[in-house]
Structure formats: structure tokens, C-alpha cells
Amino acid sequence: MLSRLRSLHDQPLFDLLAQARATHREHWPEQEVQLCTLLSIKTGGCSEDCSYCAQSARHDAGVRAARLMERDEVMAAAERARANGSTRFCMGAAWKGVREGDRRFEQVLDIVRDVSSLGMEVCVTLGQLTPGAARQLKEAGVTAYNHNLDTSPEYYPEIVSTHTYQDRLDTIQAVQQAGMSVCCGGILGLGESVDDRLRMLEVLCSFDPPPESVPINALMAMPGTPLEGQAPVDVFELVRMIAVTRIALPRAKVRLSAGRLRLSREAQALCFFAGANSIFYGDKLLTAQNPAAAADQSLLAELGLRPQAPFADPALAAAR
Ligand code: SAM
Ligand code: DTB
Ligand code: SF4
């Protein structure tokens, strides 16, 4: 598998793009891009030491630790996201993980019950889950759980020491067993090799069922993190990774994620051509900046792409 991914990846760029585009058109004829809005419901002060992340309490990235947001505030943000055209609302918390019975987890379940009435897909990313916590999230109305592998199993220990790759896989298994969709991808630009990227993709392809969505992040080198000095990832490397992901996981939403601010309109157009069909939308990611919504709307219009239409029936979002 790895060698097949490697030969796909190393083709002349235009041959790779042609193949990815053909796969894309076959499975996604609608010319749509899904708009997803992120909200950090609990920012900073995280116990983990992920070396790319501004929210780790072990780095001094100038992110102040905040309390879990109140339900009404989250609802207001979710309503704004829907009014602006998002069909997915993704709430992130800077925690090592959650378990049943925890007071803060109960509060998240309350938030999810409300947000899931709005007819958007509801995604959360809260760190590690026990199987019981996963079941409770599903019951509360979560449609997808985001938990990235970020890189290959071999390179992961260079990036994080406070949890293991196996911990990540265990959470993903709990998510699948609870019947939620898996949103799982990674970051380019951590200092990994091309083989590391493709090994990650190989692991993603081994999931049963395959991930429903795959975020591809380009590292945003956050000042104060150990990776602050990393060189930006080359745009053609990003495009190649998107194209190989599209071919290897034809039914997945491939999300062009963090790092778009650095990409020109032309570079983003190439990413969509290569098979990206989802973006984070709105001027803020979790702690970092994202392009302005108006700029994204005009870019899509200029390319003849449409934002994914809202779900006519809220039950359709929930059924995802
Ligand atoms: N704490 C949870 C976890 O680790 O799964 C959820 C939040 S975490 C911020 C979600 C993902 O955001 C990470 O797995 C990583 O892929 C991405 N991410 C975080 N910081 C980033 C950065 N500086 N640049 C690019 N992607 C980043
Ligand atoms: C994902 O893969 N990327 C998003 C989402 N899943 C949670 C987060 C990007 C975070 C970028 C850095 C920040 O905002 O601090
Ligand atoms: Fe914590 Fe998630 Fe950031 Fe790691 S990526 S430090 S687990 S918020």
C-alpha cells in the first residue's frame, strides 16, 4: 500500500492532478464545497505537549487559558455560523480527554443537545474518549468526532510525548463503535518526510469504515511553540497530499484546513482542483486566524464552486 501511495504521489504533478480530478468528479459531481465553522469552547491550558499547538500549557504561546463557554454563548455562535452558510459546526476543547460523569463533560453534552437542533452537522473535538463518553456524545446529537493522527506512527513520538499513537487509535475506535463519523487527518510541515505523510494516509485507509472527513492542515508555526521556526510547507507538496488523499479515500470530504491564510487564491484553486471539498470558514480557527468569510465566498464564486446547500430537513444533518 505504501509503495502504491508513493508512486501515485511521485507522478508528474499534472498526471497526479488529472487522476485526482477524475476520481473527484466521479464521486462528487456537485461542484460543492462544505463550509465548516470552528469554535473553541474551551481554550488553552492543555496538559498535553503537542509541539505544534499554541494551547498547550507547556508552551508559552501567549494563549490565555479560559473556562468552558456557556451554552447560550455557544448557541449564539452556532446560529451565526448557520446564518453565514455553514453546514457543519465544530466545537473544540483543549483537554487531554473526557470521561462519563465529569461535570464539564455534562456541560458539553448540554451544549451539544442545543446545537444539534439547528440542522447543521455537529462535530466536537475534545481529546481522548472512553467508549461510554463516545456513546453519550452520539446520543446527545454529535454527528462527527474530530481526532487527528497528525502524522505517521513512527514520527508521532517526535511531536507529542504525553500520549501515544495507540491512544489516538483507541479513541477513534470508540467513536466508530458509538456510531459517530470519524473526522481524522493531519498536519503537513512538522518536519516529517513524504513517507510519514503517506504512512498516515495508509493508516487512515485501514479504518473500517473509512474516515468520513480528512482535514489536511498546513502547520501554522505559532510563536512560543517548539515548532515556531519551521519553514512553511511548499504549496505543491500540499497539493500532492490532497490529490493522493482524494484518490485513496474517494468518498471522504477532504478538508483544506489550517494554514489557508498563507495560500494565494491560485494555490487554493489548485487545492480544490486536487480534490479538497471542504474548508474551515470564518475569520478564526481555534486560536489562529483564517481568511475572511467574504474573501472565501468570492473565491468560490469565481471558481464556479458553490457552498454546500443547507440541509432541508434537520434530520438529514443528524443522519450523517
Ligand atoms: N485537543 C484536541 C485534540 O488534540 O485532538 C482537539 C483540538 S486540536 C487543536 C485539533 C487539531 O488541530 C490538531 O490535531 C492539529 O491537527 C490541528 N492543529 C493544532 N494546532 C495547529 C497548528 N498550529 N497548525 C496546524 N494545525 C494545527
Ligand atoms: C483540524 O484538523 N483543524 C482544526 C480542527 N481540526 C479542530 C483546528 C486547527 C487549529 C489551528 C491552530 C489554532 O487555531 O490554534
Ligand atoms: Fe491539547 Fe489538542 Fe493542543 Fe494537543 S493539540 S496540546 S491535545 S489542545
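Some points to look at:
- Selection of trypsin sites (Lys or Arg not before Pro), region 233-274, meeting DSSP coil and at most 14 other Cβ within 10 Å: Arg251
- Most mobile of Met241, Met220, Met69 in a GNM of the chain (Cα contacts under 10 Å): Met69
- Cα-only Debye scattering, the chain: base-10 log of I(q)/I(0) at q = 0.08, 0.11, 0.13 Å⁻¹: -0.32, -0.64, -0.93
- Annotation: cysteines of the chain without a disulfide-compatible partner (Cβ-Cβ under 4.7 angstrom) are Cys36, Cys46, Cys183, Cys184, Cys205, Cys271.
- Dipole axis of region 86-139 (+1 Lys, Arg; -1 Asp, Glu on Cβ), positive-most option in Val112, Gly132, Trp95: Trp95
- Rg(Cα)/(2.2 N^0.38 Å) for region 109-268, N = residue count: 1.06
- Region 266-310 versus region 88-128: alpha-carbon centroid distance in Å: 25 Å
- Charged-residue dipole, Cβ positions (Lys, Arg, Asp, Glu), region 195-262 about Cα centre, Debye nearest 20: 320 debye
- Considering only the chain, percent of DSSP beta bridges that pair antiparallel, nearest 5: 5 percent
- Entry note, the chain: the mean residue ellipticity at 222 nm calculated from DSSP H runs of n ≥ 4, each adding -39500 (n - 2.57), is -12000 deg cm²/dmol after division by the residues and rounding to the nearest 500.
- Here Lys138, Lys42 are placed in order of increasing Cβ neighbour count within 10 Å, fewest first, which gives Lys138, Lys42.
- The order of Thr130, Thr87, going from fewest to most other C-beta atoms within 10 Å of their C-beta, is Thr130, Thr87.
- GNM top mover of Gly44, Gly62, Gly101 - the chain, alpha-carbon springs below 10 Å: Gly101
- Between Leu238, Leu35, Leu13, the GNM of the chain built on Cα springs shorter than 10 angstrom shows Leu13 fluctuating the most.
Read-outs throughout are calculated quantities, based only on the coordinates presented, and are distinct from any laboratory measurement. Fair warning: this is a prediction, and the values are worked out from it, not measured in the lab. Note that we place each Cβ from the backbone using ideal geometry, even for glycine, and neighbour counts take in every protein chain shown.
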